[in-house]
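Peer 1: Here it is, the structure, as structure tokens.
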Amino acid sequence: ADQVLMDVSTVIKRPVTSSTGVAGEDIGEWKTQFIVDAGTLVPNVNDLHLKEFRFSIVPHVQDGGKILLEIGVFERHGNEEIVLGRPRLTALDGEEAGFVIVTDDARSLRLSIKAQVNPPRLPATLRAR
């Protein structure tokens, strides 16, 4: 089976209002890198938990140097999980693809994914695992 190396960058923006009434944004940024077999979902690898959100990213290798990324974006509310979106993106091998979701309360989530099929060399941090 093909292996897919993914670099994932996530930005969450939350509108905030200070005690003086000044509006602004609280911004959180996270990056991770992992490798999985194409078509698989592995807990705590490509099924990521970040604050109140969960992102699942399943790569499917296609002909012509393309990778279909099936993505699920979920938000926890107590014991419930709500689906915020299930985008499907097509990325070229080694190129970045991404999307933005804006929630009802004006938060925004930006996810950028760079996927590479059967990378010739793994980053040192992944080789050590």
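The values are calculated or read from the model by the stated rules, or taken from the named source; none is laboratory data. None of these values were measured; they are calculated from a predicted model. Cβ sites come from the backbone with ideal geometry, for glycine too, and all protein chains shown count toward neighbours. Accessible surface areas use protein heavy atoms only, side chains included; no ligands, DNA or RNA. Shrake-Rupley method; radii C 1.70, N 1.55, O 1.52, S 1.80 Å.
Peer 1: If the elastic network links every pair of Cα atoms under 10 Å, which of SER108, SER18, SER56 fluctuates the most in the Gaussian network model of the chain?
Peer 2: Fluctuation is largest for SER18.
Peer 1: How much accessible surface does HIS77 have with a 1.4 Å probe, in Å² rounded to 10?
Peer 2: Result for HIS77: roughly 90 Å² accessible.
Peer 1: Can you give the accessible area of GLU52 in Å² (nearest 10), computed on protein heavy atoms with a 1.4 Å probe?
Peer 2: About 40 Å², ignoring ligands and nucleic acids.
Peer 1: Considering only protein heavy atoms, what per residue accessible area in square angstrom results for the range 1-85 with a 1.4 angstrom probe?
Peer 2: Here the per-residue accessible area is 55 Å².
Peer 1: Shifting gears a bit: Taking a label point 7 Å from the Cα of GLU95 along the Cα→Cβ vector, which residues of the range 56-74 have an amide N closer than 15 Å to it?
Peer 2: The answer is 62-69, whose backbone nitrogens lie closer than 15 Å to the label point.
Peer 1: Continuing with this model, one more query. For the range 1-36 and the range 55-129, what is the separation of their C-alpha centers, rounded to whole Å?
Peer 2: 13
Peer 1: Sticking with this structure for a sec: Could you pull the accessible area for THR17 with a 1.4 Å probe, rounded to 10 Å²?
Peer 2: 100
Peer 1: Using the Cα centre of the chain as the reference point, and only Cβ charges (+1 on K/R, -1 on D/E), how large is the resulting charge dipole? Debye, rounded to the nearest 20.
Peer 2: 300
Peer 1: Mind pulling the per residue volume of the convex hull built on the Cα atoms of the chain? Å³ is fine.
Peer 2: Roughly 127 Å³ of hull volume per residue.
Peer 1: Where the accessible area of the chain is counted over protein heavy atoms with a 1.4 Å probe, how much of it, in %, is carbon and sulfur?
Peer 2: Accessible surface attributable to carbon and sulfur in the chain totals 47 percent.
Peer 1: Binned at 10 Å from 0, what are the whole-percent values of the Cα-Cα distance distribution for the range 54-129, short to long?
Peer 2: 16, 39, 30, 14, 1
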